[in-house]
Amino acid sequence: MPPAFRLLAAAAALALAPLPALAGKTLDAIKSRGQLACGVSTGVIGFSAADSQGQWKGLDVDVCKAIAAAVLGDPNKVRWVPLSSQQRFTALQSGEVDILSRNTTWSLTRDAGQGLHFAGVTYYDGQGFLVAKKTKVSSARQLKNAEVCVQSGTTTEKNLADFARAQGIKIKPVVFDKFEASLKAFFSGRCQAYTTDASALAFIRAKEAPNPDDYQVLPELISKEPLGPAVRRGDDEWFAIVKWTVNALIEAEELGITQARVDSLKSAADPSVQRFLGVGEDLGKNLGLDRDWAARAVKAVGNYGEIFNRNLGADSPLKLPRGLNAQWNKGGILYALPLR
């Protein structure tokens, strides 16, 4: 082969060779301090809330625990940082937290305008309304001239204004900075309706209402609210780790890899299961992690289905149906990118 062709062949081979994964400054900092800083809500049951013993629980909490298990080998190496709606983006941008896992809607302005990267959707939600049955309101379209309690700094506030304009009705938003203050105002009769994500309304009705049977969630959803964890831009390696850990939790459910079966399935013949558990192909090296990263994540918190059922579904006080959050092959739209 002439020298020129040998040079071209070598260049082509180099271009096709996989690049080594770099650790990234965020992962380096996490390993140095031995702890993941996770931004959560100030208290939304099912997503992130501290129990009477101060232990944080919820779907968003389990996402951070899974990531801590994947990168640090221990789901308990997490520092929980409760953040209000107004604080959350600044805390992430400033580096106070490594990840925001706080029932936050993925939107264009937040993705492109706030310096964030959303790592996936962990819950498909929509905005609804909670009303007292005594108001005789059975549809959101009947809220003409109503005062509606809403939390500031949220997509909820903007969606309410858009809904009123689209319906040609006047709605007066009563805006509160804090979640607790907005609930207190609604249940005291200050507002005729309360609006937020439908999943949160189910919790509010079941756990915060003086008598749940006196209240109802109206049937309409007025928005799309894809909720998921976000990281700040500028660290592609960390973004990849968070993104693929979320995908791993979803993929594990589809493959039948549960928290209890992680170890026993390492002898399974299915190449997809072997690859996931690090028995076959080593996927971790592409993320700057070891081959057991995904197995540790699932062993720490379970697969997505287990996480959902424990925090929001049949095994939780909320008992929400899977709905859109069922797997793509079970009537939902939940779909993991291929782990291969």
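The values are calculated or read from the model by the stated rules, or taken from the named source; none is laboratory data. Just so it is clear, the structure is predicted and the values come from calculations on it, not from any experiment. Positions of Cβ are backbone-derived with ideal geometry, glycine not excepted, and every protein chain shown enters the neighbour counts. Areas reflect the complete protein model, heavy atoms only, side chains present, ligands, DNA and RNA absent. Shrake-Rupley method; radii C 1.70, N 1.55, O 1.52, S 1.80 Å.
Structure values in brief
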| quantity | calculated |
| --- | --- |
| Gly331 being surrounded by fewer than 19 Cβ atoms within 10 Å (Cβ to Cβ) and over 30 Å from Ala50 (Cα atoms) | yes |
| Of the criteria (1) open to solvent by 30 Å² or more (accessible area, probe 1.4 Å); (2) touching a residue at least 12 places away in the same chain (Cβ under 8 Å); (3) over 26 Å from Ala198 (Cβ atoms), which one Leu283 fails | (1) |
| Filter pass, Ala252 being within 19 Å of the chain's Cα centre (by Cα), of a type outside the set (Phe, Trp, Tyr) and open to solvent by less than 70 Å² (accessible area, probe 1.4 Å) | yes |
| Breaking point among (1) open to solvent by 20 Å² or more (accessible area, probe 1.4 Å); (2) not in a strand (DSSP E or B), for Val273 | (1) |
| Residue in segment 214-223 that is over 22 Å from Leu143 (Cα atoms) and open to solvent by less than 60 Å² (accessible area, probe 1.4 Å) present | no |
| Checklist (1) over 17 Å from Asp263 (Cβ atoms); (2) surrounded by fewer than 23 Cβ atoms within 10 Å (Cβ to Cβ); (3) in contact (Cβ under 8 Å) with a residue 24 or more places away in the chain applied to Gly313, failing item | (3) |
| Positions within segment 126-184 being open to solvent by less than 20 Å² (accessible area, probe 1.4 Å), in a strand (DSSP E or B) and touching a Leu at 6+ places or on another chain (Cβ under 7 Å), in sequence order | Gln127, Gly128, Phe129, Leu130, Val131, Val148, Val150 |
| Criterion violated by Asp290 - all others in (1) open to solvent by 80 Å² or more (accessible area, probe 1.4 Å); (2) assigned to a loop (DSSP other than H, G, I, E, B); (3) charged (D, E, K, R) satisfied | (1) |
| Subset of segment 62-99 (residues that are open to solvent by 50 Å² or more (accessible area, probe 1.4 Å) and small (Gly, Ala, Ser)) | Ser94 |
